[in-house]
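The values are calculated or read from the model by the stated rules, or taken from the named source; none is laboratory data. Not measured: the values here are computed from a predicted model. Methodologically, a virtual Cβ is constructed for each residue, glycine included, from the backbone with ideal geometry; neighbour enumeration extends over all protein chains shown.
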Amino acid sequence: MMAALLTGLVSNTLYAQRTRQDSLSTEKLAASAAPFFAAAQTEALHEALTTAASELGGRLLVIDLDGKVQMDTFSLLDGKRLAVPEVVEVLTTDASHAYGIHPVRGVLSDNASDAEDYAALCAARMTSSGQTIGALLLSAPVTELHNAIVTVERQLLTVFVAVAAAALIAALVFAVTITRPVKALTSTIRRMGRGDLSARVKVRASGEMKELADSYNAMAEKIENFDRSRSQFVSNASHELKTPLATMKILLENLLYDPDMPSELRTEFMQDMNHEIDRLTGIITDLLTLTQIDSHDAELHAQEVDLSALTEETLHTLRPAADKHGQRLFVQLAPDVRIVGDPSKLTQIIYNLADNALKYTPEGGEIHITLSAQGADAVLTVSDNGIGIPEEDQAHIFDRFYRVDKARSRATGGTGLGLSIVRQMVQLHGGAITVDSVPEKGSSFTVTLPLQKGVH
């Protein structure tokens, strides 16, 4: 299409240029030849037009008002009438000149050999004393012009074919370059859809494709980790639920198959069963809490909270347990530390951290709880001088059901979900929690929450 458009523009430009040149030359000749024609100076007129026709490379004819050829530089149509449209237009209208391209045969010649030849015919008015006395007709071959146009068209077509071929090759290379990583990504997605969550896409690309591949691999890794975590969670939950049920089954079987059991032992067994039921209830409650958080069903009833007062109130309920074990509870709270959050969930954060400190601190130990405003955050710290946490376990203590010492943890009645719940609730409030611990020297948990900045 571009080649056709450009060749058309070139053709029109060349024809327009030829038209202007022929029209200008014919009008000048008509003006100079008119006096000779009006004075009937045939020899002078013939000599002047023959010389001019030779210079123009064409043929000149003088035609009177009746359309009869009075002079032909080729001396072939003298005395004959011509019905050339351009001559008729000049003689019958106000046009000073007219231009057109016609087949030579049938207009200026009856020769069969001229059947495929075309000529440019330009007619100009001849006047004398302001009166039209005839017309001068220039007939020039257009073969050279036609050949020039054909040559230009052929060259343009050659260039455009070469450009189109190069563009097609470039497009194919580009398409292959683009589709190869897309195919690799599609193949990996299909593998992942069939259950192979370890599938990763290997794309040797750059720019957006590399970014897409990296994003997909990151997403796939998260999905794989989530699936692994889910499987581990189900396994751990099943194990944790199975343990109290198994214990209660053994106790019940002893009660059923030993009707003569002493009342003191029976009472002890019933108390153990009640303890296991409480533990089972705690596990289920914690599981429901985590499920709500994971499914984004946990709603935060956000309001302005005086964290200082809330911490003091929560610790008040734990003082009897500390006093029972001879533990000293040191509390240092900055006054009027206010945040925006859910009071019940903030209470659970404080309670779980403080309760953990009490459980894992030996009798006579110390628990330090501080609250302060540091910059744009409220900072709550719960420290103890208890058993501490080994360095290799500190990265996992917020994982669900993770226990540093499973036997000791179960003895304290823990479910292995408390710290996981704390971390989730801290994150719901837009905060963060960290741990610093040294085995046999104690642990320190630090919670940072945004001051008066709303809930995320």
>> Report every pair of residues separated by at least 6 positions or lying on different chains whose Cβ atoms are under 8 Å apart, first residue within region 136-164 and over 30 Å from LEU60 (Cα atoms), second of a type in the set (Ser, Thr, Tyr) and surrounded by 12 or more Cβ atoms within 10 Å (Cβ to Cβ).
In response: GLU153/THR7; GLU153/SER11; LEU156/THR7; LEU157/THR7
> Do you know which residues across region 322-369 are in contact with a helix residue (DSSP H, G or I) (Cβ under 7 Å, 6 or more places away or on another chain), under 18 Å from LEU451 (Cα atoms) and not small (Gly, Ala, Ser)?
Replying inline: LEU333, PRO335, ASP336, VAL337, ARG338, ILE339, PRO343, LYS345, LEU346, THR347, ILE349, ILE350
> What number of residues within region 71-114 satisfy the criterion of being assigned to a strand (DSSP E or B) and at pLDDT 85 or above?
Replying inline: 7
> without any contact (Cβ under 8 Å) to a residue 24 or more places away in the chain and within 25 Å of GLN303 (Cα to Cα), is that true of GLY341?
Replying inline: no
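For every residue, the table says whether it meets (1) in contact (Cβ under 8 Å) with a residue 24 or more places away in the chain; (2) under 60 Å from the mean Cα position of the chain (by Cα); (3) buried (at least 19 other Cβ atoms within 10 Å of the Cβ).
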{"residue": "ALA16", "(1), (2), (3)": "no, yes, no"}
{"residue": "THR19", "(1), (2), (3)": "yes, yes, no"}
{"residue": "SER25", "(1), (2), (3)": "yes, no, no"}
{"residue": "ALA34", "(1), (2), (3)": "yes, no, yes"}
{"residue": "ALA39", "(1), (2), (3)": "no, no, no"}
{"residue": "ALA44", "(1), (2), (3)": "no, no, no"}
{"residue": "LYS68", "(1), (2), (3)": "no, no, no"}
{"residue": "SER75", "(1), (2), (3)": "no, no, no"}
{"residue": "ALA83", "(1), (2), (3)": "no, no, no"}
> Are any residues in region 381-400 modelled with pLDDT under 85, crowded, with 19+ Cβ neighbours inside 10 Å and of a type outside the set (A, V, I, L, M), and if so, which ones?
Replying inline: ARG400
> Inside region 258-338, counting only helices (runs of 4 or more DSSP H) that do not spill past its ends, which hold 3 or more residues that are at pLDDT 85 or above and within 30 Å of THR381 (Cβ to Cβ)?
Replying inline: 307-316, 319-324
> Does VAL422 satisfy the criteria of being in the same structural domain as ASP323 (by TED's automatic domain parsing), at pLDDT 85 or above, buried (at least 20 other Cβ atoms within 10 Å of the Cβ) and not in a strand (DSSP E or B)?
Replying inline: yes
> Is it fair to say THR7 is modelled with pLDDT under 85, buried (at least 19 other Cβ atoms within 10 Å of the Cβ) and assigned by TED's automatic domain parsing to the domain that holds GLN131?
Replying inline: yes
